[in-house]
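Worksheet: one structure, shown below.
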Amino acid sequence: MAENLSELLSFVELKIKDKIVRSEIINNELSIVINPASIIKFVEFLMVDNDCQFSTLIDITAVDYPEKLKRFTIVYHFLSMVQNQRIRISANISEGEVVPSIIALHPSANWFEREVFDMYGIFFSGHPDLRRLLTDYGFTGHPLRKDFPTSGYLEVRYDEVKKQVVYEPTKLTQEYRQFDFLSPWEGAQQIKEETDNGSDGNPNL
């Protein structure tokens, strides 16, 4: 797998290197960073080139880094069913910077781009219907931004008793918990403490 990805990366760099900012293969995943202005040209190349044929758009998402000058990273995942390979394309953009839409190449990008716009506030030029997708009408803000507050907003739901849509203050139904990030298992910290104290962590012994 890694050898195939290395060959793919070498081929892409040979064909369209001037569009690439950075590339790497980590954990058998090929990631290429490009300039935002090159998105359409790069995606088109990956789709139509006979040695690539990344004709399936899997997902479009974004990541928010509030401390960076280029705050957002827009991320695209593509699949080539012919070559049985995947590739990740990303571009770093500043807040307020507009990203070209790829709907003309991948019509399925319609809802993906709307979701990114709704959750992060990233605009796509050339999108035919850039409206919010997941939040309610009149919603203010973008929920997946790191600085978005977890309280002070209204949520909407249908009330079966009142038989109507009602607006209520957002409530966090589950209290914040302390997670042990070293282990996915609940209670791992307790087991560690018992082990440190000479026990094997088995409550039945």
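Only the coordinates and a few stated rules stand behind these numbers; no lab work does. Quick caveat: nothing in here was measured; it's all calculated off a predicted structure. Cβ sites come from the backbone with ideal geometry, for glycine too, and all protein chains shown count toward neighbours.
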| field | Prolate/oblate/rounded call for the range 2-135, Cα gyration tensor, a/c under 1.5 rounded | value | prolate
| field | Assigned charges on the beta-carbon of Lys, Arg, Asp, Glu; the range 2-135 dipole about Cα centre (debye) | value | 240 debye
| request: Please give the contour-minus-distance gain from S108 to E24: 0.36 nm per residue of separation, less the Cα-Cα distance, rounded to one decimal in nm. | output: 27.6 nm
| query | Would you list H106, H77 from fewest to most Cβ contacts within 10 Å? | reply | H77, H106
| query | For the range 101-135, list residues with backbone N below 11 Å from a point placed 7 Å from the Cα of I40 toward its Cβ? | reply | 101-105, 125-127
